[in-house]
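Down below is the structure, laid out as structure tokens.
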Amino acid sequence: MDVSTTIAGVKFTGCFMNASGALCVTREELLALGRSRAGAIVTKSMTVEPRQGNPSPRYYGFSGGSINSMGLPNLGYRAYAELIPELKRFGKPIIASVAGLVEDDFPVIAEAVNAAGPDLIEVNLSCPNIPGKPQIGYDAEASERLMKRVRKIITVPMGVKLPPYFDPAHHALMGNVIGRCGVDFLNLINSVGNGLVVDPKTETVVIKPKGGFGGLGGTIIKPVALANVRAFWKHFDGRMPIIGTGGVMSGLDAFEHVLCGASAVQVGTLLVEEGVDVFGRLEAEFVACLREKGYHSIADCRGRLKEL
Ligand code: SIN
């Protein structure tokens, strides 16, 4: 069974990888991803300076998923630019995830990290967890300005990681913006921002930052993720490579993402809960699923969701 995939001309031998943020901050975590069955190594979204992130508790797992408000804890772009050449020895694509606290940060980081030679760069327009900083992806004008600025600098395939959109008008608006910016792939979706989980026993929120508000992940967000993958797949008539992220807890979930149009899938909550061994399990389940349905590859079933 062929579980390889190609995104913007870059070949991935496996279609499962970590979502940025999940076990990918430190050198040790990135090396562990390199040794695992993950099809790629995705770095934590990097900022200009190293960050400790938000105060703890800042991640909480529950039966339906997770809520987090990590606040971009990361080593700073200089450290990742040094690490990228070392990660190359694993022979799998490296996706550098670029964030920023203000717009002017993005080109600075993009330039340095691009020079370090990742295979692809993902521009994160969707972190919901920096107090006082709205998600850029919900501002179409700012998103366009920023994507055009970094596009001039980035020489490897450039993707954008977007927040979920909840209305076809917003899919169309952002789809049109993306179409004007030379974007090579999409990563859909970041966590569903600013959810609130309540513990009725203690009558408290479950995470400390932002009064308990945080990004939702895991099973509960799968329908939102699938809807965004599908909407953008259709907007671009299947010609924009999409990495599906959100609610992938099994090979069957991954199959659903592929049916909606994903070329690869990223794993966040499940990876945090179970560790890097999940990639082997997911791949085996995905292969069994394709086999049972008579498909031979991802390309065979990508985007083939039937409508009623
Ligand atoms: C975080 O570090 O708070 C999560 C990053 C993201 O959602 O982009």
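Observations on the structure shown:
- Simple label model, 7 Å out from Cα along Cβ direction - GLU203 to ALA8, nm: 5.1 nm
- LYS88 contributes about 90 Å² of solvent-accessible surface, heavy atoms of the protein only, 1.4 Å probe.
- Magnitude of the charge dipole, the range 61-129, Cβ model with Lys/Arg +1 and Asp/Glu -1, debye to 20: 340 debye
- Residues whose amide H falls under 5 Å from that of ASN194, counting only those 5 or more places apart or on a different chain, are GLY214, GLY215, LEU216, with hydrogens built in the peptide plane.
- For the range 1-40, the solvent-accessible area with a 1.4 angstrom probe is 38 square angstrom per residue.
- In the context of the full protein assembly, ARG281 retains an accessible surface of approximately 80 Å², using a probe radius of 1.4 Å and ignoring ligands and nucleic acids.
- Entries in LYS152/LYS210; LYS11/LYS133; LYS44/LYS222; LYS148/LYS208; LYS88/LYS208; LYS92/LYS222 that, when Cα-Cα distance is taken, lie over 31 Å: LYS152/LYS210; LYS11/LYS133; LYS148/LYS208; LYS88/LYS208
- At 1.002 mPa s and 20 °C, Stokes D of the chain from Kirkwood alpha-carbon radius, µm² per second: 113 µm²/s
- Across the range 179-308, C-alpha contacts under 8 Å between residues 6 or more apart give a mean separation that, scaled by the residue count, equals a relative contact order of 23 percent.
- Kirkwood Rh in Å, taken over the range 1-158 so that all alpha-carbon pairs contribute: 16.1 Å
- Semi-axes of the equivalent ellipsoid of the range 38-92 are 26, 18, 6 Å, computed as sqrt(5λ) over the eigenvalues of the C-alpha gyration tensor in descending order.
- Straight-line cross-link reach from LYS306 at under 17 Å between alpha-carbon atoms covers these lysines, not counting any fewer than eight positions away in the same chain: LYS234, LYS293.
- Per-peptide packing, taken as the mean over residues of other Cβ atoms within 10 Å, places 151-158, 222-229, 291-298 in the sequence 222-229, 151-158, 291-298 from highest down.
- Euclidean distance of C-alpha centroids, the range 132-160 and the range 266-304, integer Å: 30 Å
- Solvent-accessible surface of protein heavy atoms, probed at 1.4 angstrom with all chains present, puts GLU141, GLU307, GLU256 in the order GLU141, GLU307, GLU256, largest first.
- Restricting the calculation to Cα atoms, the range 125-214 yields a radius of gyration followed by a Dmax of 15.9, 52 Å.
- Here LYS306 and THR155 are evaluated by their C-beta separation; at R0 = 45 Å the FRET efficiency comes out at 0.70.
- Square roots of five times the Cα gyration tensor eigenvalues for the range 1-68, Å: 26, 17, 11
- Taken over the Cα atoms of the range 183-243, the convex hull encloses 92 Å³ per residue.
- Cα pair count fraction exceeding 20 Å, expressed as % - the range 218-308: 31 percent
- For the range 95-158, the normalised intensity computed at q = 0.15, 0.18 Å⁻¹ comes to -0.42, -0.59 (log10 of I(q)/I(0), Debye sum over alpha carbons, equal scatterers, no solvent).
- Ligands, DNA and RNA are left out, and with a 1.4 angstrom probe the accessible area of the range 102-246 is 41 Å² per residue.
- Counting DSSP beta bridges with both ends in the range 180-271, the antiparallel % (nearest 5): 45 percent
- Whole-number percent relative contact order across the chain, with pairs defined as alpha carbons under 8 Å at least 6 apart: 21 percent
- Based on the Kirkwood approach, the hydrodynamic radius assigned to the range 156-308 is 16.5 Å, with every pair of different Cα atoms included.
- Carbon plus sulfur fraction of accessible area for the chain, probe 1.4 Å, in percent: 54 percent
The values are calculated or read from the model by the stated rules, or taken from the named source; none is laboratory data. This structure is a prediction, so every number in the text was calculated from the model and none was measured. In this analysis, Cβ positions are derived from the backbone assuming ideal geometry, glycine residues included, and neighbour counts consider all displayed protein chains. Quick note on the areas: whole protein, heavy atoms, side chains included, nothing else; ligands and nucleic acids left out. Shrake-Rupley method; radii C 1.70, N 1.55, O 1.52, S 1.80 Å.
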